[in-house]
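Reviewing the structure listed below.
The values are calculated or read from the model by the stated rules, or taken from the named source; none is laboratory data. This one's a predicted model, so the numbers in the text were calculated from it and none came from an experiment. So basically every Cβ, Gly included, is an ideal-geometry build from the backbone, and we count neighbours across all protein chains shown. The area values use the complete protein model at the heavy-atom level, side chains included, leaving out ligands, DNA and RNA. Shrake-Rupley method; radii C 1.70, N 1.55, O 1.52, S 1.80 Å.
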Amino acid sequence: MERKSLDEINGSVDVPNVYQSAFWQKFLAYSGPGALVAVGYMDPGNWLTSLAGGSQYRYQLLVVLFTAILIAMYMQSLAIKLGVTTRTDLAQAIARRLPTPLRIALWLFNEIAMMATDLTGVVGTAVALNMLFKLPLLIGVLLTIADVLVVLFFLHFGIRRIEFIVLTAILVVGAIFAIEVCRARPEFSAIMDGFVPRSTIFTNHSELLISLGIVGATIMPHNIYLHSSLAQSRRYDEHDPKQVKETLRFANWDSLIHLFAAFIVNALLLVLGGTLFFHAASLGSLEDVFFGLKNPHIVGALASPLMSWLFAFALLVTGLISSITSTLAGQIVMEGFINIRLPLWKRRLLTRAVTLVPILIIGFMINFNEEQFEQLIIYAQIVLSIALPFTLYPLVALTGNKKLMRPHVNSPWQTVLGYVLASLVTGLNLLVLV
């Protein structure tokens with residue numbers, strides 16, 4: 001018999017039933033999974049593209065960032081619908097419909113994508129430790145093995161407390177960048193103007209490339225798998241159509257709110273880059289931002305060691321928190337495709353060990369040069385871009401399957417929209433690769 005998705009947390013959170021008129025109790029009970037997913041939209045890959053977009057084109061690419069998050073919201077809503085109505089995650093649903101050789105091949109491919117996701121967290125954490133404590137990158141990379149203990153510590157308290165910790169981390173990171181942007185005093189009217197579409201996005205090759213990078217760094221495979229499983233963490237009567245409908249409604253609100261929070265964080269990063277570094281410095285790496293924030297020749301009177309310390313601290317927080325979500329996503333993929341279950345600490349240790357090998361090899365080849373080392377994040381984005389179509393197209397196809405979804409099947413326009421958006425994102429990612 002197939003195990004439930006993330007069996008240790010599946011149906012572990014009790015929620016009020018549909019016949020109770022306790023709106024805020026329901027809202028709070030369903031809130032949480034969206035926070036875990038939102039962390040994936042704030043990883044170092046997003047940091048690099050948002051800061052680069054701001055430093056080169058000021059606020060003009062805010063419209064691109066907003067469009068990317070709207071696409072992400074739609075895809076995450078399909079993942080929620082699949083999980084809530086079928087009580088299976090995306091990996092399980094795909095695996096049930098594939099012959100064994102193809103299923104194993106797809107599992108291996110997704111494992112590589114999960115490792116690429118883990119890689120961004122490793123590099124981001126190592127770079128942050130270097131900024132904060134002057135630790136060599138090699139030592140920082142090796143220390144990331146210890147985050148297995150961090151994950152175990154968090155998971156010991158159950159999914160609700162993990163959700164609270166992650167939500168707190170998002171608020172802390174958001175507050176840090178809000179403080180930095182407020183100190184920079186950007187022009188509000190210019191920021192609003194950044195949400196107006198411009199033809200130069202398509203006609204200017206460099207601007208197009210940054211725009212594609214923003215879209216490519218926003219939507220990632222592991223978030224889709226993760227949400228299709230986390231949506232099942234609430235204990236509701238799956239046989240009551242009214243209860244299922246209400247669960248979908250609150251789960252989607254949870255997703256929309258937290259993804260909007262992720263958009264705000266990325267928008268703050270882009271505004272920070274556009275306000276302080278627009279035509280003042282070339283941002284080739286996160287290190288450039290760190291040192292630029294305390295350099296009076298670049299940011300003028302706003303230069304402050306505290307500004308750069310807060311930036312590095314926020315990077316460290318997101319690197320550590322992303323360890324939780326990448327571990328859970330990796331477990332979903334392994335259990336769903338090949339039905340092998342490992343304790344989370346073994347799963348985390350295995351993923352981290354395999355991820356560290358290429359990082360260390362490349363690190364020694366480039367003598368752990370920080371700017372070149374950060375390019376590993378870009379390479380990870382390329383791997384995720386290649387994996388994305390193998391996640392989005394099955395998701396749209398499955399949620400459009402009437403036999404599987406029954407009354408919750410996509411309407412024709414929803415399926416068409418899903419395929420159009422999947423094709424758009426895939427095409428943009430292919431352009432980035434080219």
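Key figures for this structure:
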quantity	calculated
Segment 265-408 - convex hull of the alpha-carbon atoms, volume per residue in Å³	175
Relative contact order computed over the chain (Cα-Cα under 8 Å; 6+ residues apart), in percent	36
Sorted largest first, extent of segment 1-158 alpha carbons per principal axis (Å)	54, 40, 35
Subset of LYS26/LYS402; LYS4/LYS403; LYS4/LYS242; LYS81/LYS346; LYS4/LYS402; LYS294/LYS346 violating a 32 Å alpha-carbon distance limit	LYS294/LYS346
Span-rule helices in the chain, defined as complete DSSP H runs reaching 24 Å or more along the axis (Cα) with Kyte mean at least 0.5	62-86, 100-133, 159-184, 241-276, 305-338, 344-365, 370-387, 412-433
Of [x] 63, 49, 43; [y] 64, 45, 44; [z] 62, 51, 48, the label for Cα extents along the principal axes in Å derived from the coordinates	[y]
With every protein chain in place, the chain: carbon and sulfur % of accessible area (1.4 Å)	69
Long-range HN-HN contacts of ARG235 with modeled amide H, under 5 Å	VAL13, ASP14, VAL15
Given charges at beta-carbon only (K, R positive; D, E negative), |dipole| of segment 315-434 in Debye	740
Per residue, in Å², the accessible surface of segment 60-194 once ligands and nucleic acids are set aside, probe 1.4 Å	41
Neighbourhood charge, 13 Å Cβ-Cβ cut-off, centred on VAL299 and excluding it, Lys, Arg +1 and Asp, Glu -1	+1
Assigned charges on the beta-carbon of Lys, Arg, Asp, Glu; the chain dipole about Cα centre (debye)	1080
Over the chain: helical MRE at 222 nm, DSSP H runs n ≥ 4 each giving -39500 (n - 2.57), nearest 500	-24500 deg cm²/dmol
Where only C-alpha atoms are counted, convex hull volume of segment 234-319 per residue in Å³	120
GNM result for the chain, Cα springs below 10 Å: residue of GLU335, GLU111, GLU246 fluctuating most strongly	GLU246
Evaluated over segment 157-216, the Cα radius of gyration and Dmax, each in Å	17.6, 52
Magnitude of the charge dipole, segment 81-146, Cβ model with Lys/Arg +1 and Asp/Glu -1, debye to 20	300
Taking segment 61-172 and dividing mean pair separation by its residue count, relative contact order in percent (alpha carbons under 8 Å, at least six apart)	10
